[in-house]
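A.B. asks: Could you have a look at this structure, given as structure tokens, before my questions?
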Amino acid sequence: MSTLAVDTITKADRSGALTVPAESGTVVTTASPSLGGRNLIINGAMQVAQRGTSTTDVAGYQSLDRYYVGSTGYTIAQSTEVPANTVFEYSLSSTRPTATSHFISQYIELPATGKAGVFWNGNTVTISAYVKGVNGATFNIKPAFSTGSGGSTGAYWGTTTTLDADGTWQRYEATYSVDQNVGASDTSVRFLITYNATATNETFYITGVQLEVGSVATPFEHRSYGEELALCQRYYYKLAAEDTFTNFFQASWRATTDARGVVPFPVTMRAIPSISTSGSITSLGHGTYSSIQLADAGSKYQGTIRVNGSGATVGYSTTIRANNDSTAAIIFDAEL
């Protein structure tokens, strides 16, 4: 087999080039971000907000999918404030009423518990984003192995790269060498986004977040809304009402107080999810609806659901639906 040894291939009109960085051997194009599968961040363009476009004073996974807020006291929103002359339509905005730091994380799933995957000790990764903050504030993103949002985080890697905000949209880039071994209980890599505010009620914005292997920050990898939604639904799936009487699923009564039904998942979920509901839900047909829960041991492939109710006849069926409530939903949660 022959080998062509080059560093750069330039287009005939010299409008762009393909380069092969020695550090990674990954082809990088300066003409267009044509290579898919580079970005390990999910929802980096802030397109998907299954939980809602704004939440206030609630800790945990709120508003935009895959972004975790470490404490109460924030207003997190999907904003239309974006850098000029880019294709971004949304950013994540964070506002705190006190002059304290903002802490927002994304937990990136490892191939399996205790398995580093591309984050092996000695490898290099690069994080990039567009950020906007108040003049005098500072911003950084730093990574570490973690057991998940409800667990512990190890030592952060390398030296943190800090950006001084100036009130305009700025490009942030930081390259980290993995200098830790993955722990036996680690499930993820936590990328902690920190904005150090200078005054009360400061808002900062971030979009175009990208993480890739190697030492080069390439142009942002754009994915369609459908692609991004499917990636998010591995961790959180909201079966939401489309109108006031949306039908969710059919169930059959196997006892006078117990019906069973199935909700297919659009993608395989990360783990067996928890189930919850929001808004008003009822049953249409035989029996009276009370609540729902996962049946038996649950599954990450489909939602096998037990409907708790009363007044039913064994063998009859019922439709579980929104009860004159367009905000009703059935929620499956398998977040890290």
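A.B. asks: List, please: which pairs have Cβ atoms under 9 Å, are six or more places apart or on different chains, and start with a residue in region 46-66 that is modelled with pLDDT under 95 and surrounded by fewer than 16 Cβ atoms within 10 Å (Cβ to Cβ) and end with one that is assigned to a strand (DSSP E or B) and aromatic (Phe, Trp, Tyr)?
C.D. replies: Pairs that qualify, where the first residue is modelled with pLDDT under 95 and surrounded by fewer than 16 Cβ atoms within 10 Å (Cβ to Cβ) and the partner is assigned to a strand (DSSP E or B) and aromatic (Phe, Trp, Tyr), are ALA59/TYR68; GLY60/TYR68.
A.B. asks: Can you name every residue in region 286-318 that is within 20 Å of THR246 (Cβ to Cβ), of a type outside the set (Ser, Thr, Tyr) and loosely packed, with under 15 Cβ neighbours inside 10 Å?
C.D. replies: Within region 286-318, just GLN302 meets the criteria.
A.B. asks: Is it the case that region 69-87 has a residue that's surrounded by fewer than 18 Cβ atoms within 10 Å (Cβ to Cβ), of a type in the set (A, V, I, L, M, F, W, C), more than 30 Å from VAL182 (Cβ to Cβ) and at pLDDT 95 or above?
C.D. replies: yes
A.B. asks: In this structure, is ALA271 modelled with pLDDT of 95 or more, assigned by TED's automatic domain parsing to the domain that holds ALA328 and within 24 Å of ASN324 (Cβ to Cβ)?
C.D. replies: no
A.B. asks: Taking the conditions exactly as written (touching a strand residue (DSSP E or B) at 6+ places or on another chain (Cβ under 6 Å), of a type outside the set (D, E, K, R), outside any strand (DSSP E or B) and touching a residue at least 24 places away in the same chain (Cβ under 8 Å)), does VAL314 satisfy them or not?
C.D. replies: yes
A.B. asks: Okay, moving on. Does any residue of region 139-147 turn out to be part of a loop (DSSP other than H, G, I, E, B) and not β-branched (Val, Ile, Thr)?
C.D. replies: no
A.B. asks: Here are GLY309, GLY303: which of them is in a strand (DSSP E or B) and farther than 30 Å from GLY148 by Cβ?
C.D. replies: Of GLY309, GLY303, the one residue that is in a strand (DSSP E or B) and farther than 30 Å from GLY148 by Cβ is GLY309.
A.B. asks: In region 34-45, what residues are over 14 Å from the mean Cα position of the chain (by Cα) and either over 23 Å from PRO111 (Cβ atoms) or crowded, with 21+ Cβ neighbours inside 10 Å (or both)?
C.D. replies: Passing the criteria: only SER34.
A.B. asks: Just one of the numbered conditions (1) surrounded by fewer than 19 Cβ atoms within 10 Å (Cβ to Cβ); (2) under 21 Å from THR218 (Cα atoms) is not true of ASP166; which one?
C.D. replies: Of everything listed in (1) surrounded by fewer than 19 Cβ atoms within 10 Å (Cβ to Cβ); (2) under 21 Å from THR218 (Cα atoms), ASP166 misses just condition (2).
A.B. asks: Looking at region 189-203, which of its residues are more than 22 Å from THR159 (Cβ to Cβ) and either in a strand (DSSP E or B) or basic (Lys, Arg) (or both)?
C.D. replies: Within region 189-203, GLU202, THR203 meet the criteria.
A.B. asks: Among the strands (runs of 3 or more DSSP E) contained in region 248-300, which hold 3 or more residues that are within 15 Å of ASP333 (Cα to Cα)?
C.D. replies: Once the strands (runs of 3 or more DSSP E) in region 248-300 are filtered for at least 3 residues that are within 15 Å of ASP333 (Cα to Cα), what remains is 274-278, 288-294.
A.B. asks: Those residues that are acidic (Asp, Glu) and under 28 Å from the mean Cα position of the chain (by Cα), I need them from region 296-336; list them, please.
C.D. replies: Once the filter is applied, which keeps residues that are acidic (Asp, Glu) and under 28 Å from the mean Cα position of the chain (by Cα), region 296-336 yields ASP325, ASP333, GLU335.
A.B. asks: Taking only region 155-183 into account, find how many residues are more than 22 Å from the chain's Cα centre (by Cα) and in a strand (DSSP E or B).
C.D. replies: The qualifying residues number 6.
The values are calculated or read from the model by the stated rules, or taken from the named source; none is laboratory data. Small disclaimer: the values here were computed from a predicted structure and weren't measured. Every residue, glycine among them, receives a Cβ derived from its backbone with ideal geometry; neighbour counts consider all protein chains shown.
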